[in-house]
Amino acid sequence: MRERLWVVVGRVCGTGYTEPTANFYELGGDSLLAGELMSALRAEFGTELPMNLLFEAPDMGTFVEDAVALVDSSAQRGGS
């Protein structure tokens, strides 16, 4: 699942965002791109992820790990 999530990040945001230490804002990320990413992740995993998960993450690696945990948790509960 982690790899699938990174693929979606790269497809939506660009390959620069797929480095675990990359900072979403330093690479030019904004609320529009964040919305596109969250929509793509919802379509891929069937789980609604809160936007603040991305906004509060210090780097993309943290965001991906936090997102994996939420997607896993949602899957264990039977989806969103």
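In plain terms, the chain from Glu56 to Ser39 could stretch by 4.3 nm, reckoned as 0.36 nm per residue minus the Cα-Cα distance. Taking every DSSP helix (H) stretch of at least 4 residues in the chain, weighting each as -39,500 (n - 2.57) and dividing the sum by the residue count yields a mean residue ellipticity at 222 nm of -19500 deg cm²/dmol. Rounded, prolate or oblate: which fits the stretch 27-75, taking a ≥ b ≥ c as square roots of the Cα gyration tensor eigenvalues, rounded meaning a/c under 1.5, else prolate when a/b beats b/c? Oblate, since a/c reaches 1.5 and b/c is not below a/b.
For Cα pairs less than 8 Å apart in space and 6+ apart in sequence, what is the mean separation divided by the residue count of the chain, i.e. the relative contact order in percent? Walk me through the intermediate numbers first.
Working: 80 pairs, mean separation 26.1, N = 80.
Computed value for the chain: 33 percent relative contact order.
Proximity of backbone amide H atoms, modeled 1.01 Å from N, is registered between Ala22 and Met60, Gly61 at under 5 Å, excluding neighbours fewer than 5 places apart on the same chain.
Annotation: extensible slack from Asp30 through Asp72 equals 12.5 nm (criterion: 0.36 nm per residue apart, minus Cα-Cα distance).
Where a number appears in this text, it was derived from the coordinates with a stated rule and is not lab data. Keep in mind the model is a prediction, meaning the values are calculated, not measured.
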